[in-house]
Amino acid sequence: MVAALALRSGGIASGATSRLKGVWNHLRGVQTLAETRGGLPNYYVLPSGDKIPSVALGCWRAREGEVGNAVKTALKAGYRHIDGAWAYENEAEVGAAIKESGIPREEIFITSKLWNSYHYPEDVAPILEDSLQKLGVDYIDLYLIHFPVAFKKERTPEGKPVADLELTENTYATWQAMEKLVDSGKVRNIGVSNFNIRRLTNLTSNPLKYQPAVNQVELSFGNPQPELLAWSKKNGILLEAYSPLGSTEQVKQTLQIPEVVAIANELGITPAQVLISWHVQRGTVVLPKSVTPSRVEQNFQIFKLPQDKFDALEKAAVSHPPKRVVDPSGAWGVNIYEDQ
Ligand code: A2P
């Protein structure tokens, strides 16, 4: 209401007006989502009050020439959350697809991520600008520190990145630059990705202006991370599940897991839908990636699993040694997850 009155009153400096207009449109957009879908949460509420849709289209490994069509298919199917990153090298095509969809930008929750090469505080705002420009938007809903690893400006003679171990261990300076992005109105929420409990506790032991709203991590049947999930819930940090089907390397095996196939057959849904639903039922955002239109559509349909089936799946997932798909620790010279 305040925003509406202010917009009508005129005479406000144009920067402030456009910020108010953005807030107002935002309230009309993402905020009008239905509360549940298939008996599961359709969104979670972030500390800012913003609603983050529980199922997003994941854009990692979606190549240029494919990703735009996937985004358009997703938005047509009802997705309102697109998970991307500067490092995926496809933000321009994602942005163009969002525009072409005709859906107001404010109705779509857009995530991007700060790449490792831009952790020095002075580099944070300029590289966000690059993402904003490529996406063709004037704000991002959620901006994450992509990895708890800061790269130095110089590379090895072979062209390999070199980690700045001091800035990697003490992320606070980078975080303060992220907080400034919120104050500038160009980012609505900030968070991290690939952080373990120790690294998050290390960051949040500083006097933060904004707490990390989200931690995006690899979560799947193969790597379910029950301790991190329980800790995150207790500490008010929402987890987002990337590679939720096991990514390219593991998806085939994951969709053939007997427990998953049995539940799919009993409920008359697909194994992918069982797993995507399981993630939401665990209380996380889920980011399935697909560039295949029928799969993009299928992956958006979630269903609350009967409690005994959910419990059986959870038990099966946590009863085998965890296996990650994504671990660049060796290449970057940093033990990222510190779990092996
Ligand atoms: P594609 O993009 O060719 O459709 P994750 O979400 O865990 O990262 O997994 C992504 C991989 O899973 C991609 O290879 C994607 O293939 C495939 N995939 C996504 N959704 C489905 C589905 N519903 N059924 C089978 N494979 C899928």
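Details
- Here segment 77-107 is the region considered, the condition is being touching a His at 6+ places or on another chain (Cβ under 7 Å) and surrounded by fewer than 21 Cβ atoms within 10 Å (Cβ to Cβ), and the residue that is nearest to Thr292 (Cα to Cα) is Ala87.
- Restricting attention to segment 37-73 and to residues that are among the β-branched types (Val, Ile, Thr) and either assigned to a loop (DSSP other than H, G, I, E, B) or open to solvent by 10 Å² or more (accessible area, probe 1.4 Å) (or both), the residue that is farthest from the ligand (Cβ to nearest atom) turns out to be Val45.
- Residues of segment 256-269 classified as away from the ligand (no atom under 16 Å from the Cβ) and open to solvent by less than 10 Å² (accessible area, probe 1.4 Å), total: 0
- When segment 298-331 is filtered for residues that are polar (S, T, N, Q), in contact (Cβ under 8 Å) with a residue 60 or more places away in the chain and either surrounded by 19 or more Cβ atoms within 10 Å (Cβ to Cβ) or more than 21 Å from Val261 (Cβ to Cβ) (or both), only Asn299 remains.
- Residue in segment 281-297 that is nearest to the ligand (Cβ to nearest atom), counting only those that are farther than 17 Å from Ser193 by Cβ and open to solvent by less than 20 Å² (accessible area, probe 1.4 Å): Ser290
- Hits in segment 140-157 - residues which are in contact with a strand residue (DSSP E or B) (Cβ under 6 Å, 6 or more places away or on another chain) and crowded, with 19+ Cβ neighbours inside 10 Å: Ile140, Asp141, Leu142, Tyr143, Leu144, Ile145, His146, Val149, Phe151
Quick grid of which residues meet (1) open to solvent by less than 20 Å² (accessible area, probe 1.4 Å); (2) among the basic types (Lys, Arg); (3) away from the ligand (no atom under 15 Å from the Cβ):
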site: Ala213; (1), (2), (3): yes, no, yes
site: Ala241; (1), (2), (3): yes, no, no
site: Thr254; (1), (2), (3): yes, no, no
site: Pro271; (1), (2), (3): no, no, no
site: His279; (1), (2), (3): yes, no, no
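- Qualifying residue in segment 325-333 (condition: of a type in the set (Asp, Glu), out of contact with any His (no Cβ under 8 Å at 6 or more places or on another chain) and not in a loop (DSSP other than H, G, I, E, B)): no
- For segment 214-247, filtering for residues that are in a strand (DSSP E or B), of a type in the set (A, V, I, L, M) and closer than 23 Å to Val260 by Cα leaves 3.
- Selection within segment 226-239 - open to solvent by 20 Å² or more (accessible area, probe 1.4 Å) and either more than 15 Å from Val214 (Cβ to Cβ) or touching a helix residue (DSSP H, G or I) at 6+ places or on another chain (Cβ under 6 Å) (or both): Pro226, Glu227, Ala230, Trp231, Lys234
- Taking each residue of segment 236-254 that is closer than 19 Å to His146 by Cβ and looking for partners that are assigned to a loop (DSSP other than H, G, I, E, B) and of a type in the set (Gly, Ala, Ser) with beta-carbon atoms closer than 6 Å, six or more apart or interchain, yields Ser243/Ser220; Pro244/Ser220.
The values are calculated or read from the model by the stated rules, or taken from the named source; none is laboratory data. Only a predicted model underlies this, so the values are computations on that prediction, with no experimental measurement involved. Cβ atoms come from the backbone with ideal geometry, glycine included; neighbour counts cover every protein chain shown. Side chains included, ligands, DNA and RNA excluded: accessible areas come from the protein's heavy atoms. Shrake-Rupley method; radii C 1.70, N 1.55, O 1.52, S 1.80 Å.
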